[in-house]
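A short write-up of the structure that comes next.
We did not get these values from a lab; they are worked out from the coordinates using the rules stated. Quick caveat: nothing in here was measured; it's all calculated off a predicted structure. Neighbour counts are summed over all protein chains in view; Cβ atoms, including those assigned to glycine, are modelled from backbone coordinates with ideal geometry.
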Amino acid sequence: MSITTARISSAQLKSAFVAKVQKNSDQKLLACYQCGKCSAGCPMAAHMDILPNQIIRLAQLGMHERLLASNAIWTCVSCMTCNTRCPKNVHIAEVIESLRDIAMRNGRRHEHLTIGDVPAETRAELPPIAMISAMRKLTS
Ligand code: SF4
Ligand code: SF4
């Protein structure tokens, strides 16, 4: 069964993980009806192992292991494009931020890249939002 067609049980909806993500992000996960507009506009989608709409679906389902092990929560650059595209006013970027926070509090970090791995000449050319996002994600 795919992520987007998996059924949601009442136990999943009431799980501590779902409650924490909703509280920390101040978002209502169930508002998402999986239209996919967030993923269609995400500039980083091609580099993600799961797409923004799938992140929301997994969060609805309380599938924390898969979420916290994904590279997508670290690949997101917090550009907020998804937030502006969502017809249900779900702030996906804040949900992803809360997932990064939970991951770091559980001792997880991005395994593939630190800011020091990026060559100085590349860092000089990166847009400020990328640097700010990286600093927020890679320093804890
Ligand atoms: S905030 Fe993250 S998930 Fe949303 S569009 Fe930007 S890079 Fe993609
Ligand atoms: S744009 Fe909003 S409603 Fe559509 S899949 Fe993304 S989070 Fe869900």
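At-a-glance table
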| item | result |
| --- | --- |
| Cα-projected label distance for CYS35 with ARG108, points at 7 Å along beta-carbon direction, nm | 2.9 |
| Paramagnetic reach from ALA19 (point 7 Å along Cα→Cβ, amide N under 19 Å) across region 38-79 | 59-65 |
| Using alpha-carbon coordinates, inclination of helix 52-61 to the longest axis of the chain, degrees | 40 |
| For peptides 49-58, 29-38, sequence by mean Cβ density within 10 Å, most packed first | 49-58, 29-38 |
| Lysine pairs meeting the criterion (Cα under 23 Å, 8 or more apart or interchain), as found in the chain | 11 |
| Theoretical ellipticity at 222 nm over the chain - DSSP helices of four or more residues, -39500 (n - 2.57) apiece, nearest 500 | -13500 deg cm²/dmol |
| Principal axis dimensions, the chain - Cα atoms, whole angstrom, descending | 50, 31, 28 |
| Signed unit charges on C-beta, dipole axis of the chain, positive-most listed residue VAL118, SER9, GLN60 | SER9 |
| Computed magnitude of the charge dipole of region 10-110 (debye, nearest 20; Cβ of K, R +1, Cβ of D, E -1) | 160 |
| Point-to-point label distance, ALA120-THR84, nm (Cα→Cβ direction, 7 Å offset) | 3.5 |
